[in-house]
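Data first, discussion second: the structure below is written as structure tokens.
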Amino acid sequence: MLSGAWTVMNFDRVKLGLVSAVASAAAFGLVFCAPARADDANWAGFFAGIHGGGGYANPDDDGGLFDLTGAIAGGQLGYNWQTGNTVFGFEGDVSWANINDQISQSAFGFNQSVTISQDLLVSARIRFGYTYGPILYYATIGAAYSELNLDLTVTGPGVNLSQSTRSDIGGVIGG
């Protein structure tokens, strides 16, 4: 499956709620660090964004019957800590998908319709990285959840209708 992604807002750069955070910190006696130099990359803080794209799958084990295509949209958020050039943090994302295909056939007085669709993708990951100038090189590892729906409808003498939903939990590695 292919998908494109982009981040539209980085809370580290925008500093939403800065006034209330400073007031709260002052009330509790917290100490703030001096601002980073302009040539230093600071990847610490919260981030959030949206992503979108498309997906395609042609399962190898279905005999070439299905060509699943569709759109993906969702969002991600996370938090990074930085010590020197080392960055570590966590991130998560949720994607809603509309990747599906349907086949129908008739034989001997029976009509059969099979629909397969990918509806939901979720992942949670930890991040470890290294900055070099303004660039962050990083790797992630974590868990992923996927919801795949398979609907089968058969009509004819002695109607039989069946529907099943399959959910998978697995791992994810990225960078």
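The set of residues in the stretch 105-135 that are without any contact (Cβ under 8 Å) to a residue 40 or more places away in the chain and within 13 Å of the chain's Cα centre (by Cα) comprises Asp119, Leu120, Val122, Ala124. For the stretch 56-82, a residue qualifies if it is closer than 20 Å to Gly175 by Cβ and modelled with pLDDT under 95, and exactly one does: Ile72. When the stretch 88-104 is filtered for residues that are open to solvent by 30 Å² or more (accessible area, probe 1.4 Å) and either of a type in the set (S, T, N, Q) or touching a residue at least 60 places away in the same chain (Cβ under 8 Å) (or both), the ones remaining, listed by number, are Asn98, Asn100, Gln102, Ser104. In summary, strands (runs of 3 or more DSSP E) completely within the stretch 105-175 and bearing 2 or more residues that are surrounded by 14 or more Cβ atoms within 10 Å (Cβ to Cβ) and at pLDDT 80 or above occur at 110-132, 135-155.
The values are calculated or read from the model by the stated rules, or taken from the named source; none is laboratory data. Owing to the predicted nature of the structure, the values given are computational and were not obtained by experimental measurement. Reconstructed Cβ throughout: ideal geometry from the backbone, glycine too, with neighbour counts over all protein chains shown. Ligands, DNA and RNA are excluded from the accessible area calculation, which covers all protein heavy atoms including side chains. Shrake-Rupley method; radii C 1.70, N 1.55, O 1.52, S 1.80 Å.
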